[in-house]
Amino acid sequence: MAVVVAVAPEQRVFVASQWQLMWWRFRKHKLAVASGVVVLGFYLVVLGADFLAYADPDVSEAQRSLMPPQRVYWFDGWQFGPYVHGFKGARDPQTFKRVYVADPSVKVPIRFFAEGFEYRFLGLIPTTRHLIGVDGGLDASQTIFLLGTDVQGRDLWSRLMYGTRISLTIGLLGVTASLVLGVVLGGLSGFYGGVTDTIIQRTIEILRSIPTIPLWMGLAAALPRDWSILQVYFAITIIISLLGWTELARVVRGRFLAMREEDFVVSARLVGCTELRTIFVHMVPSFMSHIIAATTLALPAMIISETSLSFLGLGLRPPAISWGVLLQQAQNVQTVAISPWLMLPALPVIVAVMAFNFLGDGLRDAADPYGR
Amino acid sequence: MSQVRRTPRNRTLRSRLTVALVLGALTVAVAAVALAQGKNALIGKLEGPEVVTDAAKIPKAFKEAPQLAELVKAGKLPPVAERIGQDPLVIKPLKEIGKYGGTWRAGFTGPADFWNGFRCCSGPDHLMFWDYTGDKVMPNLARGLEMQDGGKTWLLQLRRGMKWSDGKPFTADDFVFWFEDVYRNKDLVPTPSATLAINGKQGVIEKADTYTVRYRFPEAYYMFPDVLAGSTDLAGQMFGYRAMGGFAPAHYMKQFHPKYAGQAEVDKKAKDEKFDSWVRLFLAKNDWARNPDLPVLSAWKTVTPINTPTWTLERNPYSVFVDTAGNQLPYIDKVVLTLAENLEVINLRAIAGEYDYASRHMDLGKLPVFIENQVKGNYKVYLDPGDYGGDMIIKFNLNYDADPEIARWFNTADFRRALSLGVDRDQINETFWLGTGTPGSVVPVDSNKYNPGPQYRKLWSTLDVKKANEMLDKLGLGKKDAQGYRLRADGKGRLRIEIMTLGGQFVQYTQIAEMIREQWKKIGIDLQVQEVERSLALKRTEANEQQLGAWNNDGSEHLFTFPLHVFPFELAAVASSGPLYVKWFHSAGAQGKEPEPRMKELMEKWKKAFGVPEKERIQLGKDIWKIAAEEVYIIGVVGMGPASMGVRVVKNNMGNIPSRQYNSPDGKTPGISRPATFFWKN
Amino acid sequence: MLAYIGRRVLLAIFTVWAISVLSFVIIQLPPGDYVTSYIAQMASSGSVVSEEEAQALRLQYGLGQPIYVQYAKWMRQVLVGNFGMSMEWRRPVTDVIGERLWLTIAVSVAALLLTWVLALPIGIYSAVRQYSAGDYLATFIGFIGLAVPNFLLALVILYLGFILFNAHIGGLFSPEFQDAAWSGARAWDLLKHLPIPALILGLAGTAQQIRIMRANLLDELRKPYVVTARSKGLSEVRVILRYPVRVALNPFASTIGYTLPYIVSGSIIVSLVLGLPTVGPLLLKALIAQDMFLAGTIVLMLGVMTVIGTLVSDILLVWVDPRIRLEET
């Protein structure tokens, strides 16, 4: 496919910066581009979780326990005016299931930019406005449950928004920590070689030889259990990253080794560039793209790790909300049998993992514009 | 076009009608069932088999399972009458005389799940045991228990001719061996058991004659029959794995004891079997669930041990249990417990009808799924609510001292009461008990002999946000912050209280605590929920670091033999009302902290009860529960529910199944219903 | 070549030693020890273990000694093939692991085979038709296994299996074969139970394999010999299958060494949900109960498998492809 670049008639190919070349190349991987948009969407949710949520994720109500997702009616007669029906619920004394029946005589209109619980938008601006809501805000007797409710009658949609925030920031923080470790150690390894290289390479090999799950479990179990949610959150991020850096370090090292012999690096050195200038002006930009790709590819592993740790009971614990916590609460027979909507949080996990993977693949393919 | 647009309206009309119909039907159904059943269709009448003590009704001739008869014919086994002895333990089956044969399939979760087998299959092998109500002590393996010397001496009569499962006689020597060589051996039992002591003074066990054992105590020990009946250190072979039990098969265990076999010999045996020491070897050999060679007295005996993928138990040919027709029990040949790697699998297998009888590990949250699959799995679901007042309780640590402000409030009765008034128990009952529990204080079920009266169930235990707020205001907690939370009286910000919960239990303590956190917002209390793991919970209660602790008070319906959730009694507890009070109590005031007057009164009444006759004891028991309910040392949330092992799934063709049974660790449920009388109808 | 192998073997031995130390340390990391968790377990069922009893227990298990003493003691035993006693199961560790190890390997091999069956064609297709709709669809399918939380998937399949097909719940054997001696019938019963766990586990690994295959093949496809072959008028299928795929398979096959232990470790979660009698659930319980020797042995075992697997595949690769040997030495 390198042919494409060579036969392109426009002069701009030859004067384009490396980043431009990458972009052109990246654009060709349609799935990657689409994934990029999805990923962007996810991070918008991270920023605006409390704006997108319309109910306090902690408020419970027994009379709304295990309500299935509500049907939204988009048009009220002729006009666009989304609404849901009111509902009544009771426990069936024979089956012990909670039964809900929509009451079509009660229309609960969905309002945009409605009043709801108080929060700080982007952590700064105190407000009570949410993307959607119902008239009467917190005091309304009938309200909306787009994705239904959990056992405690808490709104799943709102919990999912908060869970997304936590899980994706964990992923991002974890990947950043991995990145720092990977770049520093991989860089040292590739730059100095010799004993340093051997020691670091051995460490990587050993870490990779220990099955991941016991390693997580050992580390997670070793956390002081009286830590607050926030402390556990950070600790888990670090644990996940402690195991995630090895791959990045390999990539960095490999790049370093390969590039030291590249013509442009040798020329830079011959022209009399200092060591630092050679590394930061000529080498780093070149392998930055690889690092970004590798980082993107490391994120799904972080997300999966977070959910798996929660499943094992070693990750974030209940008062906290994360994808892992939500899935762990859905990990039971009664959910599969009578309240399957509680498994919906698996959907964003799947979408995010795939989006990051495709994005990462696209970036990796693009990272080497003259390569393939 | 217009056609298309009209359709939704039609649908709306139709669905409106449907809704009205469905809701109407629902309401009628709820009302009808509520009227007919009083409460709930799955909770039946308490019933169970009975032990026959009337000499006239004891059968004279005995029958046995066909395969045992074969062995007798082949000369490999003595005749059944010889095996049972002169004094059989006669049980009148709940409904009918059963048939021999078949296998009972169930599940277990691993070597830590040994209670599972004891509950189903030990007989139960207690010396004395409860009748099916769990209230009255009846003779069991022992023929009788006679009080002498004003409660200081007790004579236990054994059954003449009764045998261990290897055919060797069961006599007073087995008690003396246990007492002298096991219990008093410092390596085997480093700390003497409290059950063999009254007021901290140890008693002794002696042989009166071959079939009579004498227990002597320095002071009157009126509670002794209850101790032998309950799941205590003296009750049976269950606690053999930690050298307890009150007796042990002397003829078998002597070969592992240095006194009889010689130190060099037992050391060698330990080494051969890869044990670290002779003590570990001895304990392993004395383990009912682990050692298939151990002679036992239970109805079934272990064939493949608990530390293998299948824990199998087979009928004990020397079982002393018989039915009223003289058939040697058990009816069912074999019990097969298969290892399930996790609780969801065990529940799903029960749902699929792969187990014949299961109640342990069954999750109340799955009740609708159990019911839904009743026909497909050919089983019926029963609920066995407990008799204790709290499937979930919240203990205030009265000794908490890391924060004087919190310590002060925890020791203020009105503060504790206000918090209890702030709990919306109906919400919790509906959500987590599916409405099957009873909201209220910590006191046991109304029919319990120690219950102080129905008004104590509601005392300080109904939702009253207004009153709670008034009480808290009056205490000097009237100031609130911007979010509506009360401020500390010492001016150091918001009054934050922590509750410690355990995950992965029968009751979802963490989730319930989260709900209470929301409810307490309305009374301005900021509750922080901390889920911890078991070992840590223990460490924190012992170190006096717990503020509030969530747990249940199962067993507390027998408050004298199971007091640890009534007042601070054990240091090693997952939730504590005051570790310093525990020390004070057990050191007779030498250590720890002297309790406040009413707590002290409660403790003294409890202590006194062991040395007084039953009638007086019952009054003391009522007084204790009165104090507990009035002072709210422990908040009762929801109780008398089936959350803990109370969801029972039984095959339709299994006979002698009670519609409701006493559910408690003390009753070794289903042991209380005598599984030896369960049988296959076809 | 011999020198290279010798060096690699020495390094592998060092790695194994390091793993043994690390696994021992990891297991010791959580606060408390087996006795603590035992006391806690007793306490939550209402029984009480006194301080003296706890001390006696620690003495019997040798838990009072410093870590390095315990490690040395354990290593001395391990070197003569005695992995110690499991504290919770109170049986020799080797007995407890016993059959579970073989079942674990059976499940993992089945998963691996499935992975290949899926990954090879998808990998080839998406390399040849890069960026086509088919490429996207194929990779999408391949990646779903990676993305779906496999514990949830396993539970759903377990439940559906019961509802739709009345399948036996979990495990690897029907109840009647649970304890039976090995026989043709039992092996057949095992085979019947393998597809579901293999599918769930195999799907999770497919994405990685697709990636490797696709990248390898893409590299090969750009080589001049492919262009030559094509220009000579060979059919496209022949061009691709004849050489590039075969060459691309080399490094692909070499992943077998470490893929297997990787699947074994990955199978812990799925085994737990499906109730498979493999080492996974055993390890989890051992870690929670702080059953040191049992957990240590399993971790060590998995580590050794990975090291040997990597070693074998590296040596194989060098043997097959001399260019690598030059590079490395």
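The values are calculated or read from the model by the stated rules, or taken from the named source; none is laboratory data. Since the model is a prediction, treat every value here as computed from it, not as a measurement. Here Cβ is always computed from backbone atoms with ideal geometry, including for glycine, and neighbour counts include all displayed protein chains. The accessibility values were calculated without ligands, DNA or RNA, using every heavy atom of the protein model including side chains. Shrake-Rupley method; radii C 1.70, N 1.55, O 1.52, S 1.80 Å.
In segment C:72-92, the residues that are hydroxyl-bearing (Ser, Thr, Tyr) form Cβ pairs under 7 Å with partners that are surrounded by 21 or more Cβ atoms within 10 Å (Cβ to Cβ), at six or more places apart or across chains, as follows: C:Ser86/C:Val93; C:Ser86/C:Val96; C:Ser86/C:Asp291; C:Ser86/C:Phe293; C:Ser86/C:Leu294. Taking segment C:66-172 as the region of interest, the helices (runs of 4 or more DSSP H) fully inside it that hold 2 or more residues being small (Gly, Ala, Ser) and either within 12 Å of another protein chain (Cβ to nearest Cβ) or within 19 Å of the chain's Cα centre (by Cα) (or both) are C:93-128, C:133-147, C:150-165. All of B:Leu348, B:Leu367, B:Leu343 fail the test of being within 14 Å of chain C (Cβ to nearest Cβ) and surrounded by fewer than 24 Cβ atoms within 10 Å (Cβ to Cβ), apart from B:Leu343. A:Pro104 meets the stated requirement of being within 12 Å of chain B (Cβ to nearest Cβ) and touching a His at 6+ places or on another chain (Cβ under 6 Å). Would you pick out the residues in segment B:489-506 that are more than 11 Å from chain A (Cβ to nearest Cβ) and either open to solvent by 10 Å² or more (accessible area, probe 1.4 Å) or of a type in the set (Asp, Glu) (or both)? Selection gives B:Ala489, B:Asp490, B:Gly491, B:Lys492, B:Gly493, B:Arg494, B:Arg496, B:Gln505, B:Phe506.
Among the residues of segment B:280-291, is there at least one that is without any contact (Cβ under 8 Å) to a residue 12 or more places away in the chain, not polar (S, T, N, Q) and not in a loop (DSSP other than H, G, I, E, B)?
yes
Residue count for segment A:189-204 under the criterion of being away from every other protein chain (no Cβ under 14 Å) and open to solvent by less than 10 Å² (accessible area, probe 1.4 Å): the result is 2. Considering segment B:425-445, the residues that are more than 12 Å from chain A (Cβ to nearest Cβ) and of a type in the set (A, V, I, L, M, F, W, C) include one that is surrounded by the most Cβ atoms within 10 Å (Cβ to Cβ), namely B:Val443. Considering B:Gly161, B:Gly102, B:Gly117, the condition of being buried (at least 21 other Cβ atoms within 10 Å of the Cβ) and not aliphatic (A, V, I, L, M) is satisfied by B:Gly117 alone. In the set (1) open to solvent by 20 Å² or more (accessible area, probe 1.4 Å); (2) in a strand (DSSP E or B), the condition left unmet by A:Leu146 is number (2). As a summary of the residue check, A:Thr335 satisfies the conditions (1) more than 9 Å from chain C (Cβ to nearest Cβ); (2) open to solvent by less than 10 Å² (accessible area, probe 1.4 Å); (3) not hydrophobic (A, V, I, L, M, F, W, C) except for the one numbered (1). Among the conditions (1) touching a Leu at 6+ places or on another chain (Cβ under 9 Å); (2) of a type in the set (A, V, I, L, M, F, W, C); (3) without any contact (Cβ under 8 Å) to a residue 60 or more places away in the chain; (4) in a helix (DSSP H, G or I), B:Phe239 misses just one, which is (1). Scanning segment B:226-235 for residues that are open to solvent by 10 Å² or more (accessible area, probe 1.4 Å), among the hydroxyl-bearing types (Ser, Thr, Tyr), assigned to a loop (DSSP other than H, G, I, E, B) and touching a Ser or Thr at 6+ places or on another chain (Cβ under 6 Å) turns up at least one hit. Can B:Phe247 be described as more than 18 Å from the chain's Cα centre (by Cα), crowded, with 20+ Cβ neighbours inside 10 Å and either hydroxyl-bearing (Ser, Thr, Tyr) or within 13 Å of B:Asp174 (Cα to Cα) (or both)? The answer is yes for B:Phe247.
Given the criterion surrounded by 24 or more Cβ atoms within 10 Å (Cβ to Cβ), among the small types (Gly, Ala, Ser), assigned to a helix (DSSP H, G or I) and within 14 Å of chain C (Cβ to nearest Cβ), identify the matching residue among A:Gly186, A:Gly171, A:Gly182. Being surrounded by 24 or more Cβ atoms within 10 Å (Cβ to Cβ), among the small types (Gly, Ala, Ser), assigned to a helix (DSSP H, G or I) and within 14 Å of chain C (Cβ to nearest Cβ) holds for just one of A:Gly186, A:Gly171, A:Gly182, which is A:Gly171.
Exactly one residue among B:Gln511, B:Gln483, B:Gln519, B:Gln547 is closer than 23 Å to B:Ala572 by Cβ, of a type outside the set (A, V, I, L, M) and more than 14 Å from chain C (Cβ to nearest Cβ), and that residue is B:Gln547. Residues that are open to solvent by 40 Å² or more (accessible area, probe 1.4 Å), at pLDDT 75 or above and of a type in the set (Val, Ile, Thr) within segment A:6-56 comprise A:Val33, A:Val37, A:Val38, listed in sequence order.
Given the options A:Asp361, A:Asp365, name the one that is part of a helix (DSSP H, G or I), over 19 Å from the mean Cα position of the chain (by Cα) and surrounded by fewer than 24 Cβ atoms within 10 Å (Cβ to Cβ). One residue alone meets the criteria, A:Asp365. Pairs meeting the criteria (first residue in segment B:340-351 and more than 13 Å from B:Lys376 (Cα to Cα) and assigned by TED's automatic domain parsing to the domain that holds B:Phe114, second residue open to solvent by 10 Å² or more (accessible area, probe 1.4 Å) and among the β-branched types (Val, Ile, Thr), beta carbons under 9 Å, at least 6 apart or on different chains) are B:Ala340/B:Thr109; B:Glu341/B:Thr109; B:Asn342/B:Thr109; B:Leu343/B:Thr109; B:Ile346/B:Thr109. Within segment B:400-424, being open to solvent by 10 Å² or more (accessible area, probe 1.4 Å) and within 14 Å of chain A (Cβ to nearest Cβ) holds for B:Ala402, B:Asp424.
If I filter segment B:312-321 for residues that are within 30 Å of B:Thr133 (Cβ to Cβ), part of a loop (DSSP other than H, G, I, E, B), more than 11 Å from chain C (Cβ to nearest Cβ) and out of contact with any helix residue (DSSP H, G or I) (no Cβ under 7 Å at 6 or more places or on another chain), do I get at least one hit? Taking every residue of segment B:312-321 in turn, at least one turns out to be within 30 Å of B:Thr133 (Cβ to Cβ), part of a loop (DSSP other than H, G, I, E, B), more than 11 Å from chain C (Cβ to nearest Cβ) and out of contact with any helix residue (DSSP H, G or I) (no Cβ under 7 Å at 6 or more places or on another chain). Every residue in segment B:492-531 that is within 20 Å of B:Leu398 (Cβ to Cβ), β-branched (Val, Ile, Thr) and free of Cβ contacts under 8 Å to residues at least 60 places away in the same chain, please. The answer is B:Thr501, and nothing else. The helices (runs of 4 or more DSSP H) found entirely in segment B:365-469 that carry 3 or more residues being farther than 28 Å from A:Arg91 by Cβ are B:404-410, B:413-421. Filtering C:Gly84, C:Gly64 for residues that are over 30 Å from B:Trp551 (Cα atoms) and open to solvent by 50 Å² or more (accessible area, probe 1.4 Å) leaves a single hit, C:Gly64.
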